[in-house]
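Following: one structure in structure tokens, then a few remarks.
The values are calculated or read from the model by the stated rules, or taken from the named source; none is laboratory data. Source: prediction; values computed, not measured. Backbone-built Cβ (ideal geometry, glycine too); neighbour counts: all protein chains shown.
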Amino acid sequence: MSYLNENLIDRTLEEIENDYWKNISFPTGLVEKVFLIRKKKLKDLLQEDLRLMLSQKMGLNYAVPLAIDVLKNNLMTDAGIYEGDILESLLKIPSEFWKNGNGKQLAIDLKNMVESQYEKISLAEISEEIKNGIVKTYVDFKNH
């Protein structure tokens, strides 16, 4: 099940938000990446793009549902940093997002997904420090 309708996934974040950024000399590589992501159709976003959108709190109404869809196939998806980086980015989104609109149902779905696949966190080939960070972040997420 996809959370976004077909009309949205064929559009860019710029089109959806009606906010078009000018192509300038970017102060950092991160700002340039964000600029380029905003120009991609949602259906063309890579896992790395979603992780960056989540960590930058950008387009959350679109990035969160897409990321949850990705995690349905593999809770510990690696989007270029480490196994579980998308999951951890999702869990770090401020609680206000999860309390409003579609966020409520998305939070329930994410909690159910993590609970049903919790053992995958301990089986991931990542450091204990990262595993513990994901578990702590999940506990914080679950309790808010």
Given the structure, is Lys111 part of a helix (DSSP H, G or I), at pLDDT 95 or above and in contact with a Lys or Arg (Cβ under 7 Å, 6 or more places away or on another chain)?
yes
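State whether one or more residues within segment 68-86 are of a type in the set (A, V, I, L, M), free of Cβ contacts under 8 Å to residues at least 24 places away in the same chain and either closer than 20 Å to Asn100 by Cβ or not in a helix (DSSP H, G or I) (or both). It would help to see each step written out before you state the result.
First pass over segment 68-86, keeping only residues of a type in the set (A, V, I, L, M): 68, 70-71, 75-76, 79, 81, 86.
Then drop every residue that is not free of Cβ contacts under 8 Å to residues at least 24 places away in the same chain, which leaves 70.
Then drop every residue that is not either closer than 20 Å to Asn100 by Cβ or not in a helix (DSSP H, G or I) (or both), which leaves none.
Scanning segment 68-86 turns up no residue that is of a type in the set (A, V, I, L, M), free of Cβ contacts under 8 Å to residues at least 24 places away in the same chain and either closer than 20 Å to Asn100 by Cβ or not in a helix (DSSP H, G or I) (or both).
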Any residue at all in segment 48-58 that's assigned to a helix (DSSP H, G or I), surrounded by 17 or more Cβ atoms within 10 Å (Cβ to Cβ), of a type in the set (Lys, Arg) and touching a helix residue (DSSP H, G or I) at 6+ places or on another chain (Cβ under 8 Å)?
yes
Quick check on my filter: what residues within segment 83-120 are surrounded by 12 or more Cβ atoms within 10 Å (Cβ to Cβ), within 16 Å of Val70 (Cα to Cα) and of a type in the set (S, T, N, Q)?
Ser89, Gln117
Scope segment 114-132; condition assigned to a helix (DSSP H, G or I) and of a type outside the set (Gly, Ala, Ser); matching residues
Val114, Glu115, Glu119, Lys120, Ile121, Leu123, Glu128, Glu129, Ile130, Lys131, Asn132
Residue check, Ile16 against (1) outside any loop (DSSP other than H, G, I, E, B); (2) among the β-branched types (Val, Ile, Thr); (3) crowded, with 17+ Cβ neighbours inside 10 Å, all met but one. Which one?
(3)
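Rundown of residues vs (1) under 10 Å from the mean Cα position of the chain (by Cα); (2) within 16 Å of Ile121 (Cβ to Cβ), yes/no style:
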| position | (1), (2) |
| --- | --- |
| Lys33 | no, no |
| Arg38 | no, no |
| Leu45 | no, no |
| Ala67 | yes, no |
| Glu88 | yes, yes |
| Lys104 | no, no |
Exactly one of (1) loosely packed, with under 15 Cβ neighbours inside 10 Å; (2) out of contact with any Leu (no Cβ under 8 Å at 6 or more places or on another chain); (3) assigned to a helix (DSSP H, G or I) is unmet by Asp140. Its number?
(2)
